[in-house]
Amino acid sequence: MGRAVSEYGQKLVYHALVQYLEQHAAEIKAQMQREASWQDRTGAARRELRAEVETSGAQVTLYLSHGVEYGKWLELAHGGRFAIVGPTIMRVGPRIGDDLKAKMKR
């Protein structure tokens, strides 16, 4: 019985984590789209910014990326002047980590 309760608790935590990250992924994507500093020509780079949650077994990952081929140049060229993914990871990564740690202590 104790093992079943423990496994159930782990599943609840797992699903809560996925839900938490999916909610934040939507917010992060919208924030990146708002704050991207480049001037749009077609709107594709801004529209195709991605913040997605993937699960594989017990692993849960939040990915931030560009959905256009030239996104790498926005991140790396011109001294990173047009970068949005890297700076967003540096800004929100620690905040999400701290928030999750605080939630797990409850």
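Just to be sure, is Gly67 modelled with pLDDT of 95 or more and loosely packed, with under 14 Cβ neighbours inside 10 Å?
yes
Would you mention how many residues in region 30-57 are part of a loop (DSSP other than H, G, I, E, B) and under 17 Å from the mean Cα position of the chain (by Cα)?
Total satisfying the criteria: 3.
Test Val60 against the criterion of being surrounded by 14 or more Cβ atoms within 10 Å (Cβ to Cβ), part of a loop (DSSP other than H, G, I, E, B) and touching a residue at least 24 places away in the same chain (Cβ under 8 Å), and give yes or no.
So Val60 does not fit the description; no.
Do we find that Asp99 is exposed (fewer than 14 other Cβ atoms within 10 Å of the Cβ), free of Cβ contacts under 8 Å to residues at least 60 places away in the same chain, more than 12 Å from the chain's Cα centre (by Cα) and not in a loop (DSSP other than H, G, I, E, B) in this structure?
yes
Filter region 23-44 down to the residues that are under 15 Å from Val68 (Cα atoms) and either aliphatic (A, V, I, L, M) or touching a Phe, Trp or Tyr at 6+ places or on another chain (Cβ under 7 Å) (or both) and list them by number.
Across region 23-44, the qualifying residues are Met32, Ala36, Trp38, Ala44.
For the condition under 20 Å from Leu76 (Cβ atoms) and either touching a Ser or Thr at 6+ places or on another chain (Cβ under 9 Å) or surrounded by 16 or more Cβ atoms within 10 Å (Cβ to Cβ) (or both), what is the one hit in Ala25, Ala51? Reasoning before the result, please.
Numbers: Ala25 fails: under 20 Å from Leu76 (Cβ atoms).
Just a single option satisfies the conditions, and that option is Ala51.
Please specify each residue of region 70-85 satisfying the condition of being assigned to a loop (DSSP other than H, G, I, E, B), crowded, with 17+ Cβ neighbours inside 10 Å and free of Cβ contacts under 8 Å to residues at least 40 places away in the same chain. Steps first, answer last, please.
From region 70-85, those assigned to a loop (DSSP other than H, G, I, E, B) are 70, 77, 81-84; that's our starting set.
From what is left, the residues that are crowded, with 17+ Cβ neighbours inside 10 Å are 82-84.
The answer is Ala83, and nothing else.
Could you say whether any residue in region 86-93 is within 30 Å of Tyr14 (Cβ to Cβ), outside any strand (DSSP E or B) and touching a strand residue (DSSP E or B) at 6+ places or on another chain (Cβ under 7 Å)?
So far as region 86-93 goes, yes, one or more of its residues are within 30 Å of Tyr14 (Cβ to Cβ), outside any strand (DSSP E or B) and touching a strand residue (DSSP E or B) at 6+ places or on another chain (Cβ under 7 Å).
So which residues in region 60-69 are under 10 Å from Ala44 (Cα atoms) and more than 16 Å from the chain's Cα centre (by Cα), if there are any at all?
Val68
The values are calculated or read from the model by the stated rules, or taken from the named source; none is laboratory data. Just so we're clear, the structure is a prediction, and the values are computed from it rather than from any experiment. Because the Cβ atoms are built from the backbone with ideal geometry, glycine has one as well, and the counts that use them run over all protein chains shown.
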